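Written below as C-alpha cells is the structure these notes are about.
The values are calculated or read from the model by the stated rules, or taken from the named source; none is laboratory data. Everything numeric here is computed off the predicted structure, so don't read it as measured data. No Cβ is skipped: glycine too gets one built from the backbone with ideal geometry, and neighbour counts run over all protein chains shown.
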Amino acid sequence: MNSETRKCQNCKSDFVIEPDDFKFYEKISVPPPTFCPECRLQRRLAFRNERNLYRRNCNLCGRDIVSMWQKNVPFPVYCQECWWSDKWDGIGFGREFDESKSFLEQFAELQKLIPRPQYFNYESARLVRSPYANCSGDLEDCYLVFATQYSRNCAYTHYLNNGKDSFDMLYSDKAERCYDSQDIENCYNVSFSVSSSNCVDSMFLFDCKNCNDCLGCSGLRNKKYHILNKPFSKEEYEKKKKELKLNTSAGVAEFRKKFFDEIYYNTPRKYYHGQMNSNFSGDYISNTENTFEGFYTKNTRNVKYSFWCLGGDDVYDYFAWGDLHKSYEVVSSGDNSFNIKFTYGCWGGSRNIEYSTYCISCNDLFGCVGLRHKKFSILNKQYSEDEYYKLREKIIKQMTEKSYVAKDGIQYKYGEFFPIELSIMFYNETVAEEHFPLTQEEALAKGYLWNEGERGSYVASKKGTELPQSISDVGDDILNEVIECRVCKRPYRIIEPELKFYKEMDLPLPQLCPDSRHLERIKLRNPLKLWKRKCECNSKKAKIVYQNTAVHEHGESECLNEFETSYAPERPEIVYCEQCYLKEVV
Ligand SMILES: [Zn+2]
Ligand SMILES: [Zn+2]
Ligand SMILES: [Zn+2]
Ligand SMILES: [Zn+2]
Ligand SMILES: [Zn+2]
C-alpha cells in the first residue's frame, strides 16, 4: 500500500494518509477520513466545554446548581445525584430507526430530549466543599477548577493533579504552594514557572530541574541561589531578591520582562517537551512508543493524532482522558474502554460503542445517549443481539450510501465524527475556541452554536490597575470589591482562601480576571501542530546567536540533525536537537 494525498472536505487543503494509517482503518473497519487531521481535531475539541459554568436548576429535583450547561439548552439537566440515580432510565427515550430519514438527523433529535449530568464528573467524584469543578474529582476546598484531580485548597486550575494550596495552575502534577505556573511537577513554593520539576522556593523558571532559590533561570540542573542564570552567594542572593521587589506588581512585571528578554529567548531548548519516547512525534509527550502527532500524551503505544491522551494503545484521533484501547475519533471517553468510535463521553469499561454520548459501562451501542449498564441498543431502543447487529449493518449501509449534508454543505458519511453543528455546546465555550478561535460571524455561518453571553450585571468598583502594588497594603475589604480585568474588562472577585494565599506567599494581587490569566498561560504554549526544522546549533541562520559551552560532535560546523517540532520556523526561540541540547543542559 502506498501513501495517498487527499483533499480535506472541510478546509480543502491536502493531507497524506500513510500506509500504516490505511492498515489501522482496515483493522478497525472504518473508511479512511475525508477531513484533514487538523479539521478532525477542531471538530473533536468542539464537543468539550471544560471551563464555562452557569447557574441553573436541576430539572428533576429542582434545586439550584452550577453546571456546564446553560439554562436554555434544549435538554433537561440533572444534578449529579439525580442523573446518577435510578429515578430515570435513558432506555425510556428509545425510538425506532426511521429508514426514510438520515441516521444523524435522528440522533440529533434524540439527543435534544435526554437528560445530561450537571458536570462531566464521575459518579464517584468526591467533591468536598468544591461546588465549582468540572471534569474533576477527589477535591477538597477547591474553586473554579477544571480537569483537576486529587487536590486540596486550589483555585483557577486546569489539568492539575495532586495540587495543594496552589492557584492558577495549568498542566501540572504534585504542586504545593505554587502559583501561575504550567508543566511543573513535584514543586514547592514555585511561581510564574514553566516546564520544570523538583524545584523549591523559586520564581520564573523554565526547564529547570532540582533547583532551589533560583529566580529567572532556564535550563539549570541541581542549582541554588541563581538569578538570571548567574550564581550568587546566599547573602548576595537574598539582597538582590529584595531589590527586585518581586512582592509588587511592578517588580513582577519588570522581572518577567527581563527574564524573557535576557534568558528565555537566549538559551537553547530541546525541540519538544517531554522524555522517554521511542519512535514518536509531537510535543508535551512522555513514555510513548510508536506515537505520532501526539500532544499532551503519556504512556501510549501505537497512537496517532491525539491530544491529551493518558494511556492507550491502538488509538487514532483521541481527545481528553485515557485508558482507551483500539478506538478512533473519540472525545472524553476512556477508563478501560475498548473499540469506541465517533463517540464522546462514554466510559467505565465500555465496549463496541459508535455514534453515542454519555453512556456509561455499556456495550454494543449505536446512536445512544445517556445509558448506563445497557447493551445492544440503537437510538436508545433495546434489541436482541441478533436484531442489533442486523439493524446496525442497515444503518451503516444507509450512512455509507447517503450523506448527511451539514449546514455548511459538508457531506457526512459513515466514518466521520459528528459534525460540529451536532455539538450541543456553544463553539465559544468549548476547547475548540482556545485552539481554533472563530469570530461569532464565522461560527454562525458554519452553523455552530454561539453564546452571546450575559456575563452577570456587576458594576466594577475598582480597576485591576488600581489595586495596591503590594499585598501588605491590602485589607480584607478587597473581598467585597468587584474588580475590572485589565485585559477583558470583565468583573472578577478575590476569594478568601486566595487572599490568604497571596498574603502567605507575599504575592501581589492579580490585575487580570481568572479567565484572562488562563489565556495568558495558554499563550505561552506551543500550538498543536508540527513543522519540519533543522537543529539551530551553530546555524548561520539562527536569529539569536547562542555561544555553546561544550564541544559538540559536529564541531564548529552546523548541526545537520532534523526533527519535527511545534516551534514554528519563524519563532524566536533557539531550538536544538536532543544531542546538542544535552551537551548544553546537563
Ligand atoms: Zn482540513
Ligand atoms: Zn437533582
Ligand atoms: Zn479578563
Ligand atoms: Zn543539533
Ligand atoms: Zn550542537
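Would you confirm, using the coordinates I've provided, whether residue 114 is of a type in the set (A, V, I, L, M), in a loop (DSSP other than H, G, I, E, B) and either modelled with pLDDT of 95 or more or more than 18 Å from residue 377 (Cα to Cα) (or both)? First the steps, then the outcome.
Details: of a type in the set (A, V, I, L, M): yes; in a loop (DSSP other than H, G, I, E, B): yes; either modelled with pLDDT of 95 or more or more than 18 Å from residue 377 (Cα to Cα) (or both): yes.
Criteria met by residue 114.
The residue that is surrounded by the fewest Cβ atoms within 10 Å (Cβ to Cβ), counting only those in the range 230-276 that are acidic (Asp, Glu) and under 30 Å from residue 563 (Cα atoms), is 261.
Would the range 400-411 turn up any residue that is in a loop (DSSP other than H, G, I, E, B), among the aromatic types (Phe, Trp, Tyr) and surrounded by 19 or more Cβ atoms within 10 Å (Cβ to Cβ)? Give the derivation first.
The first filter runs over the range 400-411 and keeps only residues in a loop (DSSP other than H, G, I, E, B), leaving 402-403, 406-410.
Then drop every residue that is not among the aromatic types (Phe, Trp, Tyr), which leaves none.
No - not one qualifying residue is present in the range 400-411.
Is it fair to say residue 8 is surrounded by fewer than 21 Cβ atoms within 10 Å (Cβ to Cβ) and either of a type in the set (Gly, Ala, Ser) or over 30 Å from residue 124 (Cα atoms) (or both)? Against the criterion (surrounded by fewer than 21 Cβ atoms within 10 Å (Cβ to Cβ) and either of a type in the set (Gly, Ala, Ser) or over 30 Å from residue 124 (Cα atoms) (or both)), residue 8 qualifies.
Listed here are the residues, each with its yes/no results for (1) closer than 29 Å to residue 453 by Cβ; (2) touching a Cys at 6+ places or on another chain (Cβ under 6 Å); (3) at pLDDT 95 or above; (4) of a type in the set (S, T, N, Q).
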| site | (1), (2), (3), (4) |
| --- | --- |
| 82 | yes, yes, yes, no |
| 88 | no, no, yes, no |
| 91 | no, no, yes, no |
| 94 | no, no, yes, no |
| 128 | no, no, yes, no |
| 136 | yes, no, yes, yes |
| 140 | no, no, yes, no |
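When the residues of the range 519-539 are filtered to those that are out of contact with any helix residue (DSSP H, G or I) (no Cβ under 9 Å at 6 or more places or on another chain) and within 16 Å of ligand 3 (Cβ to nearest atom), which remaining residue is modelled with the lowest pLDDT? Among residues in the range 519-539 that are out of contact with any helix residue (DSSP H, G or I) (no Cβ under 9 Å at 6 or more places or on another chain) and within 16 Å of ligand 3 (Cβ to nearest atom), the one modelled with the lowest pLDDT is 523.
From the list 225, 188, the lone residue that is in contact with a helix residue (DSSP H, G or I) (Cβ under 7 Å, 6 or more places away or on another chain) and either outside any helix (DSSP H, G or I) or aliphatic (A, V, I, L, M) (or both) is 225.
Let's see how each residue does on (1) in contact (Cβ under 8 Å) with a residue 40 or more places away in the chain; (2) among the aliphatic types (A, V, I, L, M):
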site	(1), (2)
428	no, no
434	yes, no
441	no, no
445	no, yes
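Do the conditions hold for residue 422, that is, is it among the hydrophobic types (A, V, I, L, M, F, W, C), more than 21 Å from residue 113 (Cα to Cα) and under 24 Å from the mean Cα position of the chain (by Cα)? In short, no. For the range 89-114, a residue qualifies if it is of a type outside the set (Lys, Arg) and within 22 Å of residue 54 (Cβ to Cβ), and the qualifying residues are 111, 113, 114.
Out of curiosity, is residue 466 more than 23 Å from the chain's Cα centre (by Cα) and not aromatic (Phe, Trp, Tyr)?
Working: more than 23 Å from the chain's Cα centre (by Cα): yes; not aromatic (Phe, Trp, Tyr): yes.
Taking the combined requirement at face value, the residue satisfies it.
I want to confirm something. Restricting to the range 46-80 and keeping residues that are β-branched (Val, Ile, Thr) and either buried (at least 18 other Cβ atoms within 10 Å of the Cβ) or at pLDDT below 95 (or both), which single residue is nearest to residue 435 (Cα to Cα)?
Residues of the range 46-80 that are β-branched (Val, Ile, Thr), as a first pass: 65-66, 73, 77.
Then drop every residue that is not either buried (at least 18 other Cβ atoms within 10 Å of the Cβ) or at pLDDT below 95 (or both), which leaves 65, 73, 77.
Values: 65: 29, 73: 24, 77: 28 Å.
Across the range 46-80, the extreme among qualifying residues is 73.
Among the residues of the range 166-185, the ones that are among the acidic types (Asp, Glu) and buried (at least 21 other Cβ atoms within 10 Å of the Cβ) come to 3 in all.
Looking only at the range 539-557, count how many residues are among the hydrophobic types (A, V, I, L, M, F, W, C) and either touching a Lys or Arg at 6+ places or on another chain (Cβ under 8 Å) or near ligand 5 (Cβ under 9 Å from one of its atoms) (or both). Count: 2.
Filtered by the rule that a residue be in a loop (DSSP other than H, G, I, E, B), buried (at least 24 other Cβ atoms within 10 Å of the Cβ) and out of contact with any Leu (no Cβ under 8 Å at 6 or more places or on another chain), the range 356-378 gives a lone residue, 370. Looking only at residues of the range 308-343 that are among the hydrophobic types (A, V, I, L, M, F, W, C) and surrounded by fewer than 22 Cβ atoms within 10 Å (Cβ to Cβ), we find that the one that is farthest from the chain's Cα centre (by Cα) is 338. Filtering the range 562-578 for residues that are surrounded by 12 or more Cβ atoms within 10 Å (Cβ to Cβ), more than 28 Å from residue 211 (Cα to Cα) and within 11 Å of ligand 4 (Cβ to nearest atom) leaves a non-empty set.
Let's see how each residue does on (1) hydrophobic (A, V, I, L, M, F, W, C); (2) closer than 30 Å to residue 532 by Cβ; (3) out of contact with any strand residue (DSSP E or B) (no Cβ under 6 Å at 6 or more places or on another chain):
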position: 208; (1), (2), (3): yes, yes, no
position: 212; (1), (2), (3): no, no, no
position: 217; (1), (2), (3): yes, no, no
position: 227; (1), (2), (3): yes, no, no
position: 231; (1), (2), (3): no, no, yes
position: 234; (1), (2), (3): no, no, no
position: 240; (1), (2), (3): no, no, no
position: 252; (1), (2), (3): yes, no, yes
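Among residues that are within 22 Å of the chain's Cα centre (by Cα) and part of a strand (DSSP E or B), residue 144 is included.
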